[in-house]
Each structure stands twice: as structure tokens, then as C-alpha cells.
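Quick notes on the structure that follows.
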Amino acid sequence: MRFLTIAATLLLAAAPAAAQSPTVKFSLDWILQGQQAPFLLGQEKGYYAAEGVNLAAVDAGRGSSDTIGRIASGVYEIGFGDLSSLIEFNAKNPGKEMIAVAMIYDQAPFAIVSLKKHGIAKPADLKGKKGASPSFDSTYRLFNVFAKVNGLDPASMTWANVAPQLREPMLARGETEAIAGFSFTSRLSLRGLGVADGDITTLMLRDHGLDMYSNAVIVSPDFLRKNPAVVRGFVKATIRAWIDSINNPTMAIAALKAREPLTNEGVELQRLAMAFEFIATENTKRNGLGDVDPARLQKNIDLVTEGFQLPRKIPAELVFDRSYLAPAAERRIGG
């Protein structure tokens, strides 16, 4: 009887500690490629564990919208996804708003990619052209706003809804004249199909009126409310992993290779380096990785609300919460 009493006492004593360190499942935005490597580096090097985060899984995703759905369903506690998809979800789900707590992509790599032979050097050149994109792609979904901002009738360009893996091959084969997506993903895919870099043209949306944020760390409101210290630790470990990856990208790709043995290290190192253009910006070098500018965030919300034809415009505080970030000095990425 005395044995049972001691055992029960030990279980009760352990219960609060377990409650303070919940298991965290983390969903990436896409398959495991170079731009996801920093998260795997952080897990491999024990950065999350050092911050008291019991990180049980870092899983591949199937697009930002799906990642947000995973968090909303409770299957995952934290995810990595595009801010535009987050704004859309929150606008359509009052009372269930997900919150971004760390911005990683200070610039969105949204682009209209084409080949030189199609003569697309500026937005006006898209008139009368054929495009191809998955219907859920954020770049494609913002095309109407992009067109209007640049004085182009959106209806003057026709789009085919295609699977993601068909997008670049269709452009390479001449079956379409332009595609919408992440600039570096499309360029690398086209390169892999034998298209020379000099034959590729890229219209960056950021250079033509749509200066937007992109991928951020996103958390469910319930998990955030119950586990603020865990979220704070997750954010700190994530930013540390990204800064280390910027300083030593080869180390990050080695972590990816350890997880995915079939990884082409050369290709994924290029992919990660190209992603850094949108992460290690002048702004983040100056102010630190992870934060947002309030005015720019509001403009981002405005553009997505119009482009996605959302039922309401949500306030910035229902999109991003900077209170889980460490001081800027700890988030600087150097020159």
C-alpha cells in the first residue's frame, strides 16, 4: 500500500512538468528541399530542445493552405506557410484566426516566369499571352491585383490550371508562354530541364507594385494561449537555425541530406542560396530576422483582401504578433 502511495506521488509530481513541455509537431509548407533545410538543422543540432521545445516531428507539407488547415485541425501545433494564405484563412474563419509569430521571408519570391522568345519584359507584355499555374498558387491568385496595379486588364491573359509538377515542363516545351510561382523554384526547375539561365525572364511582383511578405511561422491560437514559453522558444530556435544556415549553408544542406538521402546537394544548395535573397534582405540585416513593418503589413493585408476577394478585412493584430520575438540584437544576420 505504501508502494502505491509513493508511485502515485511521483506521478502527480511529474504531471505539471509534462504539461509545461507539450509535444510539438511542426508542418513545413512544401516537400523537403533546400529552403526547408534550416528547420532540419535546428532539429539536428538540438536548438529546439535547448529552448525547452519537445519537437516530435518536422514534416513535409503540401502547400501553405494545407499547412494552415493542419494547424487549424489540431493535427499540428505550429507550421510554416505563406502570409497571404494566413490572411485568407483568418478572413474566412472569424474566431479561429491563426497567428504568425516570426516572419522568415521578408520579401515574397512571387514571380511571372517566361522565356525570352515570348517577349515578356514588362507587365504590359503579358497582354494576349497564355499562362499556366496551379489554381491555389499565391502568385496566380494575386495576378488580378498585379494586373490592375500595372494598368493591365486581367482578362487579357488566359490561364490554364495545371498540377505543380507540370508547370515548368509546359513552359520548357512551349505549351504555355508564362507560369506563376516562386522565382527560384521555377528557375531551378527550368535549369534542370535544360533551359539556359540566359533564356529565362522573370517579372518579380515586388518590382511592380506588390511589395509583400511571404512565409512565416504560424501557430494555432489555442496552443499559443496555453504554451507561450514553448512558442517563444520555438521562434528563438528557428531564427538561430536560419542565421546559422545563412552563415553556413553547406551545414544546413547536410542536415537535409541526413533526412533525405536522395537529396542532390548541389541543386539544393543553389535553391537555399536563392531563397536567401528574399530572407537576408537589407531590412533584415538592419533590423533583425523575424519582425514586420506595421505599415507594410497593413498594405499586404489590403492587397490580399482585394486580390482574393475576401469577405472582410482583418486587423493586423489578427495576423502577426511580434511579442514572441527575442530582442533585435539577437536576431541580426550580419552584413
I'm trying to understand the selection: among the residues of the stretch 298-315, which are open to solvent by 30 Å² or more (accessible area, probe 1.4 Å) and not acidic (D, E)? Q298, K299, Q309, P311, R312, K313, P315
Looking at V230 and the list (1) over 19 Å from the mean Cα position of the chain (by Cα); (2) surrounded by fewer than 21 Cβ atoms within 10 Å (Cβ to Cβ), which single condition is not satisfied? (2)
For the stretch 48-162, please list each of the strands (runs of 3 or more DSSP E) lying entirely inside it that holds at least 3 residues being surrounded by fewer than 22 Cβ atoms within 10 Å (Cβ to Cβ) and modelled with pLDDT of 95 or more. 54-59, 158-161
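I need the full set of residues from the stretch 320-335 which are open to solvent by less than 30 Å² (accessible area, probe 1.4 Å) and among the basic types (K, R), in order please.
Passing the criteria: only R331.
Listed here are the residues, each with its yes/no results for (1) over 26 Å from K236 (Cβ atoms); (2) of a type outside the set (A, V, I, L, M, F, W, C); (3) free of Cβ contacts under 8 Å to residues at least 40 places away in the same chain; (4) open to solvent by 30 Å² or more (accessible area, probe 1.4 Å).
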position	(1), (2), (3), (4)
T284	no, yes, no, no
G290	no, yes, no, no
R296	no, yes, no, yes
L318	no, no, no, yes
Checking A328 against (1) closer than 26 Å to T139 by Cβ; (2) touching a residue at least 40 places away in the same chain (Cβ under 8 Å), only one condition comes out false. Which one? (1)
Only one residue in D106, D137, D125 is touching a Gly at 6+ places or on another chain (Cβ under 7 Å), within 24 Å of V217 (Cα to Cα) and charged (D, E, K, R), so which one is that? D137
Inside the stretch 220-255, the number of residues satisfying the requirement of being part of a helix (DSSP H, G or I) and over 30 Å from F89 (Cα atoms) is 11
Unique match (being closer than 27 Å to L86 by Cα, more than 17 Å from the chain's Cα centre (by Cα), in contact (Cβ under 8 Å) with a residue 12 or more places away in the chain and open to solvent by 10 Å² or more (accessible area, probe 1.4 Å)) among P249, P221: P221
Pick from the stretch 168-199 the residues that are in contact with a Pro (Cβ under 7 Å, 6 or more places away or on another chain) and within 24 Å of F146 (Cα to Cα): which of them is surrounded by the most Cβ atoms within 10 Å (Cβ to Cβ)? F182
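The values are calculated or read from the model by the stated rules, or taken from the named source; none is laboratory data. Just so you know, these numbers come straight off a predicted model, no measurement behind them. Cβ: placed from backbone, ideal geometry, glycine included. Neighbour counts: every protein chain shown. What goes into the accessible areas is simple: the full protein's heavy atoms, side chains included, and nothing from ligands, DNA or RNA. Shrake-Rupley method; radii C 1.70, N 1.55, O 1.52, S 1.80 Å.
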